[in-house]
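These notes are about the structure you will find just below.
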Amino acid sequence: MNREEMADVLRKTGAAHKYSYGHALVLSGPAGRTGAARLAARGALRIGAGLVTVGCPQEAMTENAAQLDAVMLTPIEDAFALQTVLQDDRINTLCLGPALGRDDRAEGVISVALASGRALVLDADALSSQLIGRLHENIVLTPHAGEFRRMFPDIHARLSAGEFAKTTATAEAAKRAGCTVLFKGSDTVIAAPDGRVVEAGTGRAAPWLATAGSGDVLAGFIAGLLARGLDPFSAAGTAAWLHVECARNFGPGLIAEDIPERLPSVFRDLGL
């Protein structure tokens, strides 16, 4: 979409209230591994989700509470606890993966999230080849090259051998997964299972995004836009564009915490 269309999609109206813009739930890892979820949550809130909650194990509650204000917090110890939280049908989007871990708790909450049918962003630790066959069209996968290889080893092998361009590899992955795939990198590509493909980074390089945590913020951007009602392909494409624009707006010295804080400036430039 062009800048005017993007502004129309992102603009909020005076008659709406916070629940008009969705409620995103970001799952955190255990104590000592909570920062990535907070980065994603901050991104989701800044991009316009009406409410954002971080769910974490009980042991991580104090650690998260010390650093969260507008983002809410709830204990989610295991899969059963997530099922209970999801009885609130106002929670319409989940983000799982940033420093979630790859243990029994992680596997349990991923299974519950998938079964819920809600919009999902699956990133980082949540990505594995075992997901294939369990995904649905209201999901966005956000692998970097290593995670893409883990999920789609044969497609990655053909990409590495020069048999596939990155656009073709991403399109094949989206078709196999049955959901939108955002293949990260300086040449980020986004593909939908129906064959639509866009190269999100073409001509707009932002090398400052090569910093720890920037991908967690991107996952949060996508989750926030899904919460606001964008379809997965549009949410991924809009989030990727804004992610780069925030980095370009800030410039050298960028760290992940800076990215969401540039959104107000970018939004003003869009005429919001």
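Assorted remarks:
- Value at 222 nm in deg cm²/dmol, rounded to 500, when DSSP H runs of n ≥ 4 in the chain each add -39,500 (n - 2.57): -12500 deg cm²/dmol
- Residues S128 and D231, FRET efficiency given R0 of 35 Å [Cβ-Cβ distance, rounded to 0.05]: 0.90
- Three-way shape label, the range 173-228, alpha-carbon gyration tensor, a/c 1.5: oblate
- Counted over the range 22-270, the DSSP beta bridges are approximately 20% antiparallel.
- Shape of the range 1-73, Cα gyration tensor, a/c cut at 1.5: prolate
- The spacing between the range 148-183 and the range 57-110, judged by their C-alpha centroids, is 30 Å.
- Taking other residues whose beta carbon is less than 11 angstrom from the beta carbon of P98, and scoring Lys, Arg as +1 and Asp, Glu as -1, yields -1.
- Most fluctuating residue given options G224, G195, G162, as computed from a GNM of the chain linking Cα atoms under 10 Å: G162
- Among the helices of the chain, those built from whole DSSP H runs whose Cα atoms reach 24 Å or more along their own axis and whose mean Kyte-Doolittle hydropathy is at least -1.0 are 232-250.
- Mean sequence separation of contacting Cα pairs (under 8 Å, at least six apart), scaled by the length of the range 22-270, corresponds to a relative contact order of 20 percent.
- Taking the C-alpha atoms of the range 123-179, convex hull volume expressed per residue in Å³: 71
- Gyration tensor (alpha-carbon) shape descriptor, the range 22-270, a/c threshold 1.5: oblate
- The range 166-272: GluC sites (Glu not before Pro) in DSSP coil with no more than 15 other Cβ atoms inside 10 Å: E257
- In the frame of its principal axes, the range 162-272 has Cα extents of 37, 33, 23 Å, reported largest first.
Laboratory data are not the source of any read-out in this text; all were calculated from the coordinates shown. What you see is a predicted model, and the numbers here were worked out from it, not measured in a lab. Here Cβ is always computed from backbone atoms with ideal geometry, including for glycine, and neighbour counts include all displayed protein chains.
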